[in-house]
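First up is the structure itself, then whatever we jot down about it.
Every number here is computed from the coordinates shown, using simple stated rules; none is lab data. All of these numbers come straight from a predicted model, not from anything done at the bench. As a convention, Cβ positions derive from the backbone with ideal geometry for all residues, glycine included, and neighbour counts pool all protein chains shown.
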Amino acid sequence: MDFLNSILVKPFADMFEAPDFLMQVLWEGLVSGILYALIALGFVLIFRSSRIFNFAQGIMVVFAALTLVGFHQMGVPAWISVVLSLGVMFVLAVSIERIVLRPLVGQPDIILFMATIGITLFLIGFGELIFGGENKMMITEELGIPTGEFIFEPFGGFLLLEQKDVTAVAVAAILVVALLMFLNKTRMGRAIRALGDDHQAALSVGISLQTIWVLVWFIAGIIALVTGIAWGARAGVSFALEVIAYKALPVLMLGGLESITGAIIGGLMIGLLEKLFEIYWGQPLLGGNTETWFAFVLALFVLLFRPQGLFGERIIERV
Amino acid sequence: MMDASAGYVTEDGRQIGGVLMEMKNITLRFGGVVAIKDISFDIREGEIRAIIGPNGAGKSSMLNIISGFYTPSEGAVWYKGAPRPPMRPYEVARMGVARTFQNIALFEGMTVLDNVMTGRLTKMNAGIASQALWWGKARAEEVANREKVEEIIDFLEIQSIRKTPVGRLPYGLKKRVELARALAAEPSILLLDEPMAGMNVEEKEDMSRFILDVNDEFGTTIALIEHDMGVVMDLSDRVVVMDYGKKIGDGTPDEVRNNQDVIDAYLGVQH
């Protein structure tokens, strides 16, 4: 009885008793959720245009952030470093298309997936060679990102929002809206979606595979840079950051690999739920640190009932 | 015989123009297999030109050469009076050659409208910044092209399914959407790869009517591959007949029908 009480009643009683604390927990969940969503978005974009599951998205986040910090350490002003980093991500996109993807056109998906693992290993080695393996501070203040706090007192309680988190959420939201507009409303966006559906047909209406692939990998690079800045501002920049990319996997399982909306909602859901679970169930009952596995268990559970994810295209097998 | 430069007048009185595209001694090999052997023929402005032949005759290979999916091993494609250098399919598309596919290649996840809009990609050239911001030129361009697309949608009578995802449509309608997408590019040459394959009689009649209407209304030059002899003979102005990679006949439907080689190829010949 006691046990059931501690699972089913007490957590909700706690939430109700301290609504300000609940809001704080939800806010923290929202912030990590947005960042998961951003990484998942990078995956979805590349998957939609080429059916490649891009294992390298995580390391691209690290690489972009390291490049930015690296340029700044060489004495380049912060904002010019951003522009130069974008340039590097563009060169990376062109090189990946030229050296890795182009020779593999028409190969089975699994081969291309293996190739992205190769890209990951290369970027880890190349990044360590150039920037070294030690942790670095994100150049948060130099970029003009506010580092103060907003303090509210809802329900006579206490709620603290770090300004850099607020900035991250705002920037991520703008990026997502811009991306959706771009994909749904413009010529290039339509070409990206078209290419993912049928390569032959895309060629026949004058879409160049190469151009679109470079474009898509570049956009994934931009997303990686934004994610890198936002996450780096919270936890510093190191190769360990790559691990958060694996959090995008349950997000994708939930959201489905094809759906942009799915990636966003999936990311937010996982961020919020894992934080809630950690604070109200994990820490009191399971000794904490549930955030490392909760998302995966949740995703498995969803997959049991909806193998295509919550928003994925339905898998219809015609007989 | 026809005059090489001036064109001719069809049985139903349409004036056909000069040579728009010409295959000159095309040979295509895949390793040791010769798919097409030394074939030459021309396509004239405004005509409906058919390529027919039994299975495995090399018809689809020929269409793939015209649309740039294959590069001929020997010979060249002449387009608007000049030899065309080897090109990628998307470059050929940008030169005004649109096509449909035998097995339907549509963007299944997108709506009919979006599918047809992709046909306009070659006509749009707003800069990427303008597109990213959905501002200025990109916006005006989108609106103007949308108008043209709606016109084609009306023309092919698919208004009622404009917003339906293509994946949900029945086969016959998919074929029509594919035709709409190709038409949206306002092509100089429209290539149709078995436009009537797998259709029932009613759908075939509809498709025939649309092909004739397109040619009539827009003056589009059409080259098509088709299995159904009856349909081909009714539709086309001139017919190329292929068998085992070689050309065995070329001329008006009547000429072809009375050609002994063609009769042999289709009905078999006693040895």
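Data overview
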{"quantity": "Charge sum, other residues only, whose C-beta stays under 12 Å from B:Ala105's C-beta, Lys/Arg counted +1 and Asp/Glu -1", "calculated": "-1"}
{"quantity": "Percent of C-alpha pairs per 10 Å bin, the range B:1-72, short to long", "calculated": "17, 45, 27, 10, 1"}
{"quantity": "Calculated FRET efficiency for the pair B:Gln102/B:Glu202, C-beta based, R₀ 25 Å, to 0.05", "calculated": "0.75"}
{"quantity": "Computed lengthening from B:Phe155 to B:Glu91, 0.36 nm per intervening residue step minus Cα-Cα distance", "calculated": "20.3 nm"}
{"quantity": "Shielding by partners - mean other protein chain Cβ count within 10 Å, residues of B:79-90", "calculated": "2"}
{"quantity": "Burial ordering of B:His227, A:His72, fewest other beta-carbon atoms within 10 Å first", "calculated": "B:His227, A:His72"}
{"quantity": "Set of lysines with alpha-carbon distance to A:Lys10 below 24 Å, sequence-local pairs under 8 removed", "calculated": "A:Lys275"}
{"quantity": "Tail beyond 15 Å, pair distance distribution of the range A:1-52 (Cα, percent)", "calculated": "66 percent"}
{"quantity": "Anchor A:Lys136: aspartates and glutamates whose Cα lies under 17 Å away (excluding residues fewer than 8 positions away in-chain)", "calculated": "A:Glu128, A:Glu242"}
{"quantity": "Listed residue pairs exceeding 22 Å between alpha carbons, taken from B:Lys80/B:Lys174; B:Lys59/B:Lys204; B:Lys80/B:Lys148", "calculated": "B:Lys80/B:Lys174; B:Lys80/B:Lys148"}
{"quantity": "Normalised convex hull volume, the protein assembly as shown, alpha-carbon set, Å³ per residue", "calculated": "204 Å³"}
{"quantity": "Top of B:Arg146, B:Arg176, B:Arg49 by mean-square fluctuation, Gaussian network on chain B, Cα under 10 Å", "calculated": "B:Arg146"}
{"quantity": "Backbone HN-Hα couplings from phi across the range A:14-21 [Karplus 6.51/-1.76/1.60, Hz, Gly and Pro as x]", "calculated": "4, 4, 5, 5, 10, x, 5, 5"}
{"quantity": "Convex hull per residue volume in Å³, alpha carbons only, for chain B", "calculated": "152 Å³"}
{"quantity": "Two-site label geometry, B:Asp216 and A:Ile117: point separation in nm, points 7 Å out along Cα→Cβ", "calculated": "6.1 nm"}
{"quantity": "Per-residue Cβ neighbour rank within 10 angstrom, fewest leading, A:Ile270, A:Ile46, A:Ile111", "calculated": "A:Ile111, A:Ile46, A:Ile270"}
{"quantity": "Chain B: angle of helix B:201-218 to the longest principal axis, Cα-based, in degrees nearest 10", "calculated": "80 degrees"}
{"quantity": "Cα convex hull of the range A:196-319 - mean projected area over all directions, nm²", "calculated": "10.7 nm²"}
{"quantity": "Taking B:Thr71, A:Thr116 and counting other C-beta atoms within 10 Å, the order from fewest to most", "calculated": "B:Thr71, A:Thr116"}
{"quantity": "Peptide-level mean, for A:192-198, of C-beta atoms on other protein chains within 10 Å", "calculated": "5"}
{"quantity": "Fluctuation leader among B:Gly109, B:Gly75, B:Gly18 - chain B, Gaussian network, Cα springs under 10 angstrom", "calculated": "B:Gly109"}
{"quantity": "Cut-off 15 Å (backbone N to label point 7 Å along Cα→Cβ of B:Ala140), residues of the range A:156-183", "calculated": "none"}
{"quantity": "Overall Cα dimensions of chain A, principal axis frame, Å, largest first", "calculated": "64, 64, 36"}
{"quantity": "Principal axis box of the range A:1-147, alpha-carbon based, largest edge first, Å", "calculated": "63, 45, 26"}
{"quantity": "Simple label model, 7 Å out from Cα along Cβ direction - A:Tyr246 to A:Asp14, nm", "calculated": "2.7 nm"}
{"quantity": "Part-to-part distance (alpha-carbon centres) for the range A:54-125 and the range B:221-271, which is given in Å", "calculated": "55 Å"}
